[in-house]
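Asker: Sharing a structure with you now.
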Amino acid sequence: MGAGHGHVLYRDSDSPVHRLPPEVKIVAMVVFTVAVVATPREAFWAFGAYALLVAAVAALARVGPRWLLSRALIELPFVLFAVALPFLGAGERVDVLGLRLSEDGLHGAWNILAKGTLGVLASLLLAATTTTRDLIVGLDRLHCPQVLTQIATFMLRYLDVLVGEARRMRVARISRGDDPRFLWQLRGFAAGIGALFLRAFERGERVYLAMLSRGYTGRMPAVWQGDGAATAGQWLVAATVPVVAASIAATAVVLT
Amino acid sequence: METLAMHISNGIIDGPVAAVFAALALAALTVCVLRGRRDLDDRLAPMAGLVAAFIFAVQMLNFPIFTAGVSGHLLGGALAAMLVGPWVGALCVAVVLVVQALIFGDGGVAMLGLNITNMALLGTAAAYLLIALLVRVLPRTRAGLAVTAFVSALVSVVVASQGFVLQYWLGGTTDLGGNLAGLAGTMAGVHLLIGIGEGLITATTVLTVAKVRPDLVYALRGLRPTSAPAVPVVGGVR
């Protein structure tokens, strides 16, 4: 968690990738990720091919490499974990630059680095080309249970409101002389979180009452679904990426 | 500290184990939806949505640990269990994790089942079992409530981290041999420190809410009559 959640990752543009219906993009991204994870780690060439695939989609979506790579830094803690593996791993040792490292650990580090990075890049491409609202519509069309999509919708709708409230409370606290520097001075911060919860919960009650008065009976109206589900042609176009990825994975499994 | 509390990314645990945990998480979330409806009936969607937004927002607020250089943030699982109960709490944390994986690339999509199991299910379950026990055992005072919140938050963070160790033991992509115990120890140690911060903030937050609206604290339901008059709350009606 942490870094990057505050940014809105969506990059407004009008590329072929942006125009694809969201459910198609979600399925493509998930299948791609699963194919990457299923690839044997010794098949180094396969990961190069995946990287080319990601680069091609990024170019098509007009997302620059700088933007992608800087956002991918969210992965950093696991890179550190990966770096530790060659020292911790069991089994045969090999000499690399004068260090006795575990061969299995080196493979494991490569595995985490390659698969983790490709996964993050795929998620980032989805986020960059799909608005959050479209994403929910896509999940709904994929028959994700409606209670989950509803919760996610309310969450995304009110997230900025709550973050804004939290920021205002922080500014108010600091402008009145509060300057927490250490863990044991957290009273003001925690009291603010308590107030934020009360505001959030009571806002939820008001939203619910407003929905009731507009005829809510536990299901969302049809407008909710958005318009125009994906056509067969769009499915075919978007299927190219996961199909290529799956065949790379299959070849890698056969070869190793 | 903040950077250590991140979600499992792709490639750390192998595919079959991830798939098993995904199925487990799906089944458990179905139960959470059913029980959550019992707590909130058709208020479930808006209320859980706002609580999920609250958890998400809280995770974005950094607090200083030692001066400005090192900062951490709340994970919020135990806080959610305390305030809205285990079912809605786990559901909200799970939705936050799904959105973080899909929109923010935080935690691998293929590893979603593992992350949900650790943070939404194990963490919340451990917290709530402790809450249910401690609320009955400890004196019903503010101090008792604070201790309950502190201990359950601390334990939930450590239990969630040990969930990762268990999964790594089952399907880690690199054999650590005898170092698995070392991994368990390191994870427990780091998360003990995180858990202390988590516990302090959870306790203070719960006390704040309990002072103003004790009827909203799920852990206190059925224990005391909601005698305290509803005090007008900051923010008011908007």
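Asker: So in the stretch A:117-145, with the set limited to residues that are part of a loop (DSSP other than H, G, I, E, B) and among the β-branched types (Val, Ile, Thr), which one is farthest from B:Thr174 (Cα to Cα)?
Answerer: Going residue by residue through the stretch A:117-145, those that are part of a loop (DSSP other than H, G, I, E, B) are A:130-131, A:142-145.
Narrowing further to those that are among the β-branched types (Val, Ile, Thr): A:130-131.
On the way: A:Thr130: 35, A:Thr131: 37 Å.
Among them, the one singled out is A:Thr131.
Asker: Within the group B:Leu138, B:Leu145, which residue is hydrophobic (A, V, I, L, M, F, W, C), buried (at least 23 other Cβ atoms within 10 Å of the Cβ), modelled with pLDDT under 90 and over 30 Å from A:Gly119 (Cα atoms)? Explain how you work it out, then say what you get.
Answerer: Values: B:Leu138 fails: buried (at least 23 other Cβ atoms within 10 Å of the Cβ).
Of B:Leu138, B:Leu145, the one residue that is hydrophobic (A, V, I, L, M, F, W, C), buried (at least 23 other Cβ atoms within 10 Å of the Cβ), modelled with pLDDT under 90 and over 30 Å from A:Gly119 (Cα atoms) is B:Leu145.
Asker: Let me ask something additional. How about the stretch A:126-171: which of its residues are in contact (Cβ under 8 Å) with a residue 40 or more places away in the chain and within 9 Å of chain B (Cβ to nearest Cβ)?
Answerer: A:Leu126, A:Ala127, A:Thr130, A:Thr132, A:Leu135, A:Leu139, A:Gln146, A:Gln150, A:Phe154, A:Tyr158, A:Val161, A:Val163 - these are the residues of the stretch A:126-171 that are in contact (Cβ under 8 Å) with a residue 40 or more places away in the chain and within 9 Å of chain B (Cβ to nearest Cβ).
Asker: Exactly one condition in (1) more than 10 Å from every other protein chain (Cβ to nearest Cβ); (2) surrounded by fewer than 18 Cβ atoms within 10 Å (Cβ to Cβ); (3) within 20 Å of the chain's Cα centre (by Cα); (4) not charged (D, E, K, R) is false for A:Ser15; which is it?
Answerer: (3)
Asker: Pick from A:Ala35, A:Ala46: which is within 23 Å of B:Asp14 (Cβ to Cβ), away from every other protein chain (no Cβ under 12 Å), modelled with pLDDT of 80 or more and not in a loop (DSSP other than H, G, I, E, B)? Walk me through how you get there before you give the answer.
Answerer: Details: A:Ala35 fails: away from every other protein chain (no Cβ under 12 Å).
Just a single option satisfies the conditions, and that option is A:Ala46.
Asker: Next question, about the same structure. Checking A:Asp178 against (1) modelled with pLDDT of 85 or more; (2) more than 22 Å from A:Val34 (Cα to Cα), which single condition isn't satisfied?
Answerer: Among (1) modelled with pLDDT of 85 or more; (2) more than 22 Å from A:Val34 (Cα to Cα), the lone unmet condition for A:Asp178 is (1).
Asker: If you check every pair at least six apart or on different chains, which have Cβ atoms under 6 Å apart with a residue in the stretch B:83-111 that is at the interface with chain A (Cβ under 7 Å from one of its Cβ atoms) first and a residue that is surrounded by fewer than 23 Cβ atoms within 10 Å (Cβ to Cβ) and modelled with pLDDT of 90 or more second?
Answerer: none
Asker: Something else now. Being without any contact (Cβ under 8 Å) to a residue 24 or more places away in the chain, surrounded by 13 or more Cβ atoms within 10 Å (Cβ to Cβ) and more than 7 Å from chain B (Cβ to nearest Cβ) narrows it down to one residue among A:Tyr216, A:Tyr208; which is it? Spell out how you get there, then give the answer.
Answerer: Values: A:Tyr208 fails: more than 7 Å from chain B (Cβ to nearest Cβ).
None of the other options fit; the residue is A:Tyr216.
Asker: A:Ala114: touching a residue at least 40 places away in the same chain (Cβ under 8 Å), assigned by TED's automatic domain parsing to the domain that holds A:Ala59, surrounded by fewer than 24 Cβ atoms within 10 Å (Cβ to Cβ) and in a helix (DSSP H, G or I), yes or no? Explain how you work it out, then say what you get.
Answerer: Numbers: touching a residue at least 40 places away in the same chain (Cβ under 8 Å): yes; assigned by TED's automatic domain parsing to the domain that holds A:Ala59: yes; surrounded by fewer than 24 Cβ atoms within 10 Å (Cβ to Cβ): yes; in a helix (DSSP H, G or I): yes.
In short, yes.
Asker: While we're here: Which residue pairs have Cβ atoms under 7 Å apart, sit 6 or more places apart or on different chains, and have a first residue in the stretch A:25-54 that is touching a residue at least 24 places away in the same chain (Cβ under 8 Å) and of a type in the set (D, E, K, R) and a second that is surrounded by fewer than 21 Cβ atoms within 10 Å (Cβ to Cβ) and assigned to a loop (DSSP other than H, G, I, E, B)?
Answerer: A:Glu42/A:Thr256
The values are calculated or read from the model by the stated rules, or taken from the named source; none is laboratory data. The structure presented is a predicted model; accordingly, all values stated were derived computationally and were not measured. So basically every Cβ, Gly included, is an ideal-geometry build from the backbone, and we count neighbours across all protein chains shown.
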